Amino acid sequence: MNIIETKPGIFLVDAPGPASNVAYFQTAEGVVLMDTTTSTEEMTALLQLAELTPEEIILVINTHADGDHIGGNSLFDCPILAHQITYDRMAAANRPQHEMPTQTFTTDHKQVSIGGLEMELILKAGHKPDLTMLWLPQQKTLFPSDLIFENCYPYMLGSDVPTWVEGLRSLADFKAEVIFPGHGTLCGQETIDALVDYMDTSWKVVAGHFEQGKTLEEILQDPMLPRPAGWARDARFETNIESIYEQIKHKRA
């Protein structure tokens, strides 16, 4: 677990393994925290590394409802802000009340100003229907959450791949100086391009086979399916192709 200060008061924590990345921002009123990783134990360790206490956090932002982004929510007594879809997904999963967001919004775009820090929360969906990015316009710093898995097979179960690709392609419009993904470490346009190529090519190959009536087992044998060299979590190769197959099947039904 590494802490990187990329701009004054803007701290990024790249977490190893399956845990989500976390970021925190020093403001004139206190610390704003983005995501709370997998558990209270892991979040406590992160706070200790950052030399912070839960009481110093004045706002928590959840980018979406996946367990590796909300697991430490219950440590904090401050407001927890998330999209209404995130709240609904957490409620449907029977998350305990002390983990739930306390403030929600329903629009695709929300501006937040706190302690001199300007933030924009932008619903992008794709990875999950509630996937929300965080953009700091003054610092030109973008937190696309799990739209980006850096140097790693993305997790596609429950996703909408065409919407995901559209969201990735839109990131260039921000002209961000810093991009910090949900998993991995600092990245740039080349990482985004590689993900777009992987998803777009996989979709087109699977769709072509689907139109020919081939089974999933037959499709998985096609060497034209992309397997990017060096990407971690290769076990997701088959599950991602299965997810794409099921999405295409659903759209054709």
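The values are calculated or read from the model by the stated rules, or taken from the named source; none is laboratory data. Being a predicted model, the structure only gives us computed values, none of them experimental. FYI the Cβ positions are ideal-geometry reconstructions off the backbone, even for glycines, and counts take in every protein chain you see. What goes into the accessible areas is simple: the full protein's heavy atoms, side chains included, and nothing from ligands, DNA or RNA. Shrake-Rupley method; radii C 1.70, N 1.55, O 1.52, S 1.80 Å.
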query = Angle, helix 236-252 long axis vs. longest principal axis of the chain, Cα atoms, 0 to 90°, nearest 10?
reply = 70 degrees
remark   = Quick tally, 1.4 Å probe accessible area for Tyr87, Tyr24, Tyr155, sorted with the most first, runs Tyr155, Tyr87, Tyr24
FRET efficiency, Gln103 to Glu56 (Cβ-Cβ, R0 22 Å, nearest 0.05) = 0.70
inquiry  = Give the separation of the Cα centroids, the range 17-66 to the range 153-223, in Å.
reply    = 28 Å
message = If you filter the range 199-249 for trypsin sites (Lys or Arg not before Pro), then keep DSSP loop positions with at most 10 other Cβ within 10 Å, what is left?
response = none
message = To the nearest 20 Debye, how big is the dipole of the range 1-146 about its Cα centre, given +1 on the beta carbon of each Lys and Arg and -1 on that of each Asp and Glu?
response = 400 debye
inquiry  = How large a share of the accessible area of the range 209-253, in percent, is made up of carbon and sulfur atoms when the probe is 1.4 Å and the other protein chains stay in place?
reply    = 50 percent
inquiry  = Using the Cα centre of the range 155-253 as the reference point, and only Cβ charges (+1 on K/R, -1 on D/E), how large is the resulting charge dipole? Debye, rounded to the nearest 20.
reply    = 140 debye
request  = Calculate how steeply helix 40-50 sits against the longest principal axis of the alpha-carbon atoms of the chain, using the helix alpha-carbon long axis, and give the answer as 0 to 90 degrees to the nearest 10.
outcome  = 60 degrees
request  = Using the structure shown, select from Lys128/Lys175; Lys214/Lys251; Lys124/Lys204; Lys124/Lys249; Lys7/Lys140 the pairs with a Cα to Cα distance greater than 18 angstrom.
outcome  = Lys128/Lys175; Lys124/Lys204; Lys124/Lys249
task = Run through the DSSP bridge list for the chain and note the antiparallel percent, rounded to the nearest 5.
result = 65 percent
ask   = Using a 1.4 Å probe, what is the accessible area per residue for the range 65-155, in Å²?
value = 38 Å²
request  = Go through Asn94, Thr104, Leu121 and say which Cα lies farthest out towards the positive end of the charge dipole of the range 77-126; charges sit on Cβ, +1 for Lys and Arg, -1 for Asp and Glu.
outcome  = Asn94
message = Taking amide H atoms as placed 1.01 Å from N in the peptide plane, list the residues 5 or more away in sequence, or in a different chain, whose amide H sits under 5 Å from that of Thr36.
response = Ile70, Gly71, Gly72
Residues whose placed amide H lies under 5 Å from that of Val22, excluding near-sequence neighbours = Val13, Ala15
remark   = Correct semi-axes for the chain, from √(5λ) of the alpha-carbon gyration tensor and rounded to whole Å with the largest first, are 33, 19, 17
Dipole magnitude of the chain, debye to nearest 20 (Cβ charges: Lys/Arg +1, Asp/Glu -1, about Cα centre) = 560 debye
key: Shape call, the range 68-120: gyration tensor on alpha carbons, a/c limit 1.5   = oblate
remark   = Karplus-derived 3J(HN,Hα) from phi for the range 211-222 (6.51 cos²θ - 1.76 cosθ + 1.60, θ = phi - 60°), whole Hz, x at Gly and Pro, runs 5, 8, x, 7, 7, 4, 4, 5, 4, 5, 7, 6
note = Charge dipole of the range 101-253 built from unit charges on the beta carbon (Lys, Arg +1; Asp, Glu -1), centred at mean Cα; most positive-end Cα among Asn240, Leu142, His209 is Leu142
ask   = Rounded, prolate or oblate: which one fits the range 25-156, using the alpha carbon gyration tensor with axes a ≥ b ≥ c (rounded when a/c is under 1.5, else prolate when a/b beats b/c, else oblate)?
value = rounded
